[in-house]
Amino acid sequence: MKLFDALWYNGGRGPADGNNYWRRFTAPHYVWVGVLLAVLSAAAGSLALVVGGVYPGIRDPQFCWSYFSEPRILLLNLLPVLLLTAVLYFATGRAWAAYLGSSLTVLGLSLVDFYKLVIRNETFVASDLGLVSEAAGIISHYTIVISGRAVTSILAVVLGTVLAAVLARGALKKVWVRVLGTLLSLGVLVTLVFTLYASDAVYARTVNGTAEYFDWIEQQNYASKGFLYSFLHSVSDALPRAPEGYDEEETAALLSGYGEGTIEEERRVNVIAVMFEAYSDLSEFPQIGVREEVYAPLHELESESLHGRLISNTFGGGTVDSERCFLTGLAQVEEFRENTDSYVWFLRRNGYYTEGLHPGDSWYYNRENVERNMGFERYYFLEDIPGFDRSDRAFFGMLSELIENRDKSVPYFNYSISFQNHGGYDSASTGEESWLDRGDKPEDAYNTVNNYLAGIADTTRRMRDFIESLRDDPEPFVVVFYGDHKPYLGSAFEELGIRFDLSTEEGFFNYYSTPYIIWANDAAREATGGDFTGDGGDVSACFLMDKVFEECGWGRSAYGRILHDTAARVSVVHTGLDAAVVDGRLLYGPSGEPGTLVNALLRAGYYTKKHFSYGELSGS
C-alpha cells in the first residue's frame, strides 16, 4: 500500500488515517512518472516512424521496420519526442497533458507527411508550416481517406493519455522546479535542433543500410532517415541565414559601386518566358528508346535558338525554386512575403507592362501574393478564367490571347507556367499510342514513361506552333522556354538502367538538367542586334534571364551586374548540394576564387532580399 501511494501519488489522505506516505516517497513517484512517460513517448515516437515511413515508390513493409535495426536513426527520431514530453511535463505539471501534447504533435506531423506524399508526392518540411492556408486549399480539393495509420495514431493518443492519467496521477506543483525543468529541457531540445539536427554532415552520414530505396530520389532519401529527423533537419533551411562573412555595410557599398543600368528604348522588345512543368528531354538517354517525333520540334527550335541545359536545384518537385530563381536572379530563394527585387520590377521601371498566367490555383505556393510581391501587375490563375483547364491546349490558347490583347504602345513581359505534365504518371495502364520502344521493358516502367511522353509530345508540338505564330510578327518578340525539373517517374529510371550517381559529373547533370531555349523573331534580332543562336551551355535558373539581357544588349541593375560578372566563370550555383560549375567543371564545395565569387553573389542576393529598391513603383 505504501508503494502504491508513492507511485500513484494518492495526494495524501492526511495523518488521521495514517496513509500520508506520498511526502516520504516523492523520489520514487517521480522516477515512476519519468519511466512511464519515457516508455509512452518512445512508443509514440516509434509509431510516428512507422506512420511517416512511407513513400509511394516503396511498397515493402520492411522499409517501415528498418528504422529499428538502425540505432542512430532510431535515437535521432525518438530523442526529440522524449525531450518534447519533458518540456510539456514541466510546463503543465501533469503527465497526461505532456503525453497528449507530444504525441499529438509528432503523430500529427507524421500523418501530414504521409498524406502530402500520397496526394502531392512531396515531403513535408519545416517551411511548409508557414503555408497553412495553402495546405487547407489543397485539402479542400481532395477526398481524404482515413487510413489505418490515422486510426492507429488516434487510438494511440487516446490510450496513452488515459494510461498516463490513471498511472501517474497528481501534479508537479513546485513552481521553481517546473520553471527550471521547462527551461532546461527546452534549451536542450532547441540546441540539438540547431546543432546536431541541422548538421548536413551528420545527415549525410546517417544512412539506412537495412532498407532498400533509391538514395538519389529526394523523397525516398528523406523517408529513409525517419520523418521526424528529416523534418527537424529541414528547420534550419526554413530560417533565412546570412551567408558566411556577410557584412551589410560592405555589401551595400559593393552594390552602390555598380550603379543602376537601363534598357534603351530602341532595344525594348517583348519577352515571353514559359516554364514547363516537369519538361525534360529523355531522348538524351538512348536506353529509353524515345521515338524521334516526340522531341523533333524541340530539336528543330534548338537549331535556330540559343539553347542549352538548365541545371535545377531540385528533382521531381520544387517547381517554385526554378521559377523564382529565374525571376529574381537569386541563387537561393525563400517565401517572398513582401516586395522583393526582381527582373520583373526592373522591367517595370523601364516601361514594361508585366503579367503572367498559370492554370493552377492562386493559393498554391502562395503565388497570388508572391507574384505581386515580385512585381507582376496582373497574374491569371485557374479560377480567373471561366472554362479554363490545366491542359496545354487551354494554356497556349490563353497565352496567345493575352499577347494579342496587350497594350501595344508599351513593351510587354509575360512569364507563364504550365501544368499539363505534372505527375504522377499512371504505371498500371497506358494509351494505345506508343512513344518509346516497347522491347523487354518492365510493364510498370513502360507505362509510366509512355504516359509521361504522351503529354510531353503534345507540349512540344504546341511549343513549336506558338513560335510559328510569332515568327513573322512585325513586333519584336523574344521567347524563353525551359523545364523546371526532371519528372519523378517512380522506379522507372532505375528499371530502365539510368543511374544518377551524384558523385560523378554525368550523374549530376543527368539528374538535374532540363532543356532551355531563347528564341527571337527577325524583328527582335534587328532591334537588339543579338544573334540568339548557338550553344548557351549549362546554367542555373538564376543565370538564365541574364542570358536574355546579354543577347538583347540591355543594361542591368546593380545586383544584375554582379550576377553577370559571376556568370562569366560560374555558370551553375547549386545551393542544395553546395556545388558549382566553374569553367565547365563540376566542383563540390567550391573554394578559392570560385568560392569567393559564389559567396559574394549569395551576400549580394541576401542584401537585395532585405532592401527593396523599387518603392516608387509599389507605393511603399
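The values are calculated or read from the model by the stated rules, or taken from the named source; none is laboratory data. Everything numeric here is computed off the predicted structure, so don't read it as measured data. Heads up, the Cβs are rebuilt from the backbone with ideal geometry, glycines too, and the neighbour counts pull from every protein chain shown.
Annotations for the structure displayed:
- Which listed residue, of Tyr30, Tyr21, is of a type in the set (Ser, Thr, Tyr), modelled with pLDDT under 85 and not in a helix (DSSP H, G or I): Tyr21
- Glu401 assigned to a helix (DSSP H, G or I), out of contact with any strand residue (DSSP E or B) (no Cβ under 6 Å at 6 or more places or on another chain) and on the phi < 0 side of the Ramachandran plot: yes
- The set of residues in the range 363-384 that are assigned to a loop (DSSP other than H, G, I, E, B) and at pLDDT 90 or above comprises Met374, Gly375, Phe376, Glu377, Phe381.
- Unmet criterion (only one of (1) modelled with pLDDT of 95 or more; (2) surrounded by 20 or more Cβ atoms within 10 Å (Cβ to Cβ); (3) not in a helix (DSSP H, G or I)) for Leu586: (1)
- Any hit, the range 73-92, residues being in the same structural domain as Tyr222 (by TED's automatic domain parsing) and at pLDDT below 70: no
- Any pair with Cβ under 8 angstrom, 6 or more apart, that starts in the range 564-593 at a residue that is within 14 Å of Leu502 (Cβ to Cβ) and ends at one that is surrounded by fewer than 11 Cβ atoms within 10 Å (Cβ to Cβ): Asp578/Gly589; Ala579/Gly589
Residue-wise test of (1) in contact with a helix residue (DSSP H, G or I) (Cβ under 9 Å, 6 or more places away or on another chain); (2) among the hydroxyl-bearing types (Ser, Thr, Tyr); (3) not assigned by TED's automatic domain parsing to the domain that holds Ser513.
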| site | (1), (2), (3) |
| --- | --- |
| Ser571 | yes, yes, no |
| His574 | yes, no, no |
| Gly595 | no, no, no |
| Arg603 | yes, no, no |
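- Leu601 touching a residue at least 24 places away in the same chain (Cβ under 8 Å), of a type outside the set (Lys, Arg) and surrounded by 12 or more Cβ atoms within 10 Å (Cβ to Cβ): yes
- With a requirement of 2 or more residues that are touching a Gly at 6+ places or on another chain (Cβ under 7 Å), the helices (runs of 4 or more DSSP H) lying completely within the range 471-578 that satisfy it span 541-552, 558-567.
- Residue within the range 535-552 that is farther than 26 Å from Leu347 by Cβ, modelled with pLDDT of 90 or more, under 23 Å from the mean Cα position of the chain (by Cα) and not basic (Lys, Arg) present: no
- Ile562 vs. criteria more than 26 Å from Tyr588 (Cα to Cα), over 24 Å from the mean Cα position of the chain (by Cα), surrounded by 23 or more Cβ atoms within 10 Å (Cβ to Cβ) and not small (Gly, Ala, Ser): no
- For the range 336-362, the set of residues classified as outside any loop (DSSP other than H, G, I, E, B) and either at pLDDT below 95 or not acidic (Asp, Glu) (or both) consists of Tyr343, Val344, Trp345, Phe346, Leu347, Arg348, Arg349, Tyr353, Thr354, Gly356, Leu357, listed by residue number.
- The lone criterion from (1) closer than 21 Å to Glu505 by Cβ; (2) at pLDDT 95 or above; (3) within 25 Å of the chain's Cα centre (by Cα); (4) not aliphatic (A, V, I, L, M) left unmet by Thr575 is number (2).
- Flag if Thr195 is of a type in the set (Val, Ile, Thr) and in contact with a Ser or Thr (Cβ under 9 Å, 6 or more places away or on another chain): no
- Filter result for Ser342 (surrounded by 23 or more Cβ atoms within 10 Å (Cβ to Cβ), of a type in the set (Ser, Thr, Tyr) and under 15 Å from the mean Cα position of the chain (by Cα)): no
- Qualifying residue in the range 501-520 (condition: over 21 Å from the mean Cα position of the chain (by Cα), under 28 Å from Gly553 (Cβ atoms) and polar (S, T, N, Q)): no
- Residue within the range 477-491 that is in the same structural domain as Ser434 (by TED's automatic domain parsing), surrounded by fewer than 20 Cβ atoms within 10 Å (Cβ to Cβ) and of a type outside the set (Gly, Ala, Ser) present: no
Listed here are the residues, each with its yes/no results for (1) in the same structural domain as Ser283 (by TED's automatic domain parsing); (2) of a type outside the set (Phe, Trp, Tyr); (3) without any contact (Cβ under 8 Å) to a residue 40 or more places away in the chain.
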position	(1), (2), (3)
Pro359	yes, yes, no
Asn369	yes, yes, yes
Phe396	yes, no, no
Glu401	yes, yes, yes
Asn451	yes, yes, yes
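- For beta carbons closer than 8 Å, sequence separation of 6+ or different chains, a first residue in the range 200-216 that is outside any helix (DSSP H, G or I) and a second that is of a type in the set (Asp, Glu) and modelled with pLDDT of 75 or more, the qualifying pairs are Asn208/Glu70; Gly209/Glu70; Thr210/Glu70; Phe214/Glu494; Trp216/Asp501.
- Test: Ala48 is at pLDDT below 90 and under 20 Å from Leu196 (Cβ atoms): yes
- Cβ pairs under 6 Å, 6+ apart, first in the range 493-515 and over 26 Å from Glu323 (Cα atoms), second surrounded by fewer than 16 Cβ atoms within 10 Å (Cβ to Cβ) and among the β-branched types (Val, Ile, Thr): none
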